[in-house]
Amino acid sequence: MSELERFRMYIRGEFVEATSTAVFESQNPYTGRPWALVPDGGTEDVDDAVRAARAALSGEWGSFTGFRRAALMRRLAALITENAEWLARLEVDDCGKLYREMIGQARSLAAWFDYFAGLADKIEGKQIPTPNPGYLVYTRREPVGVVAAITPWNSPLLLLAWKLAPALAAGCTVVAKPSEHAPVSTLAFAQLVHEAGFPAGVFNVVTGQSPETGAALVGHPGVDKVAFTGATSTGRAVARAAAGKLNPVTLELGGKSPQVVFPDADLQAAANGLVAGVFAATGQTCLAGSRLIVHESVHDELVRLVSDRAKRIKLGDPNDPETEMGPLANRPQYDKVVSMLRQAADEGACVVCGGVADPDLGGYFVQPTVLTGVAPQDTIAKEEVFGPVLVVHTFTDEDEAVALASDTPYGLAAGVWTKDVHRAHRMAARLRAGTVWVNCYRAVAPSVPFGGMGLSGI
Ligand code: NAD
């Protein structure tokens, strides 16, 4: 136990153990061994963090102008840039993602704080004319209050930044609860918030091994808004708890995103976009382009291009710069992906490439997998795998492509590959998804909204 790295929760500007003093181990999914010890916070700790966040709202932070908030946010952005390597290494050890991917992501976090710092001093109300000359009517923008920010294990800091940066700009305070499977980077990030000089209680982090910790935060009477990213099933529970208090809630949930490839597309570019879209981060992204919907005339060629590349993807140590795909992030996720692949085989899917990796590799490895012969109603075509699995369907005309793409209760993202500009814009309008990329995939930016329809969230 003693050689494990120790991290503490961050409440009221202090680094603290859980009230119960209990801790839990965070596992490294590549070595399969515990590497860090984290406080196992519970209801009392949630209560303490929410009280700290409420006190900060009515304290020094509440009196800050947007200009002062912006200055602190810019200082935080600079600290993120300086410490990006450290943050990236922590996420690699906690989530098994590639260092070469995480270093880019860690550096990009600063852009969210810079961008929203630019908005913090531009929050304006309106002066509204009325029929009666004797009245002065105006609106003021007020912070929502205490925000509960709940994140999953796949990209803890990026998904935290998406919630925290706008909340700070608006003058809110935040209690973050990272996933029990990848809690460390959020605790480390709190050290940067502390160093940046934010007043005590503006940002707090509570960790806990049980879903009860997140549930206690969502249901806490002192929380004014819930910003949640995670599974659709958990999102439902979060929405129910928030509804009981009539709290606003944003939900970023699962996806089963289609990539539609027309015969006039640059097939090599589409193949690259498909490989990056579904195999990056070992397929563990909400926006993974996990369903290829390809015109029948180019099906064989495109599947060959994608599978040739997929077979060459090098699996291994996420810290090795040569590695192109790391393990799945934890044992339950590995078991889920393996069981879905078995079920797909039972339902008659044809494995063009991939499957469970050689156990000698260690870690929770699944190979980049391409499946054809999958019916739209098969489980593997319907349910989010959250792993490196691409299913292939064919179409003959645009209407059929739209029907296949829309045959899902999710609506997070979609890709369209075509050189026909009319068709590109038509498809962007017809596809029911929060984001539609044309001739690219997986590009996000602080200035561009991100969200889903249907079961992908609110
Ligand atoms: P999860 O729903 O199991 O857990 C997410 C977070 O919710 C964790 O911090 C967990 O501890 C907490 N939690 C669990 N039960 C809770 C409850 N009753 N009340 C409050 N909090 C609770 O999700 P996961 O397995 O960590 O992440 C994978 C899922 O996240 C996938 O479905 C993926 O698609 C989704 N995701 C969505 C987006 C997006 O932006 N749409 C981004 C990344 C991941």
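Figures for the structure shown
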| quantity | calculated |
| --- | --- |
| Stretch gain in nm, segment THR65-SER339, where the contour uses 0.36 nm per residue and the Cα spacing is subtracted | 93.3 nm |
| Kirkwood Rh, Cα atoms: Rg over Rh of region 1-135 | 1.13 |
| Extension gain, VAL438 back to SER406 (0.36 nm per residue minus Cα-Cα distance, nm) | 9.8 nm |
| Of the DSSP H helices in the chain, those whose Cα atoms cover at least 30 Å axially and whose Kyte score averages 0.0 or more | 99-120 |
| Trypsin sites (Lys or Arg not before Pro) within region 391-458, DSSP loop, no more than 14 other Cβ atoms inside 10 Å | LYS419 |
| Dipole of region 56-155, positive end: most advanced residue of ILE103, THR65, THR81 [Cβ charges, Cα centre] | THR65 |
| Amide H within-cut-off set for GLN259, under 5 Å, with H built and near neighbours excluded | ARG291, LEU292, ILE293, GLY415 |
| Region 208-358, Cα convex hull volume normalised per residue, Å³ | 169 Å³ |
| Gain upon complete extension [ALA269, GLU3; 0.36 nm per residue less C-alpha separation] | 91.1 nm |
| Hits among lysines - C-alpha to C-alpha of LYS336 under 20 Å, sequence gap 8 or more where chains match | LYS97, LYS256, LYS382 |
| The chain - mean residue ellipticity at 222 nm from DSSP helices (-39,500 (n - 2.57) per run, n ≥ 4, rounded to 500) | -12500 deg cm²/dmol |
| Extreme residue, positive dipole direction of the chain, given options ALA165, ASN439, LEU192 (C-beta unit charges) | ALA165 |
| Cα-centre dipole for the chain with unit charges at Cβ (Lys and Arg positive, Asp and Glu negative), debye to 20 | 1420 debye |
| Per-residue Cβ neighbour rank within 10 angstrom, fewest leading, VAL389, VAL352, VAL46, VAL23 | VAL352, VAL23, VAL389, VAL46 |
| Computed over the chain, Kirkwood Rh from alpha-carbon pairs, angstrom | 23.0 Å |
| Inter-probe distance in nm under a simple model that places probes 7 Å from Cα toward Cβ, at ASP420 and GLU195 | 5.4 nm |
| GLU301 versus VAL351: modelled label distance in nm, points set 7 Å from Cα along the beta carbon direction | 2.9 nm |
| For region 254-390, size of Cβ-based charge dipole, Lys and Arg +1, Asp and Glu -1, in debye | 220 debye |
| Pairwise label distance in nanometres, LEU136 with ALA445, each label 7 Å out on the Cα-Cβ vector | 4.0 nm |
| Using θ = phi - 60° and Karplus 6.51 cos²θ - 1.76 cosθ + 1.60, couplings along region 442-458 (whole Hz; Gly, Pro as x) | 6, 8, 10, 8, x, 7, 10, x, 9, x, x, 10, x, 6, 7, x, 10 |
| For LYS245, LYS97, order by how many other beta-carbon atoms lie within 10 Å, fewest first | LYS245, LYS97 |
| Cβ-placed point charges (K, R +1; D, E -1), dipole of region 134-262 about Cα centre in debye, nearest 20 | 360 debye |
| Dipole of the chain [Lys/Arg +1, Asp/Glu -1 at C-beta], most positive-end residue of GLN284, PRO263, THR418 | THR418 |
| Ascending count of other beta-carbon atoms within 10 Å, so fewest first, for LYS163, LYS336, LYS225 | LYS336, LYS225, LYS163 |
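Only the coordinates and a few stated rules stand behind these numbers; no lab work does. Note that the structure is predicted; figures quoted are calculated from it, not measured. All Cβ positions, glycine included, derive from the backbone under ideal geometry; neighbour counts span all protein chains shown.
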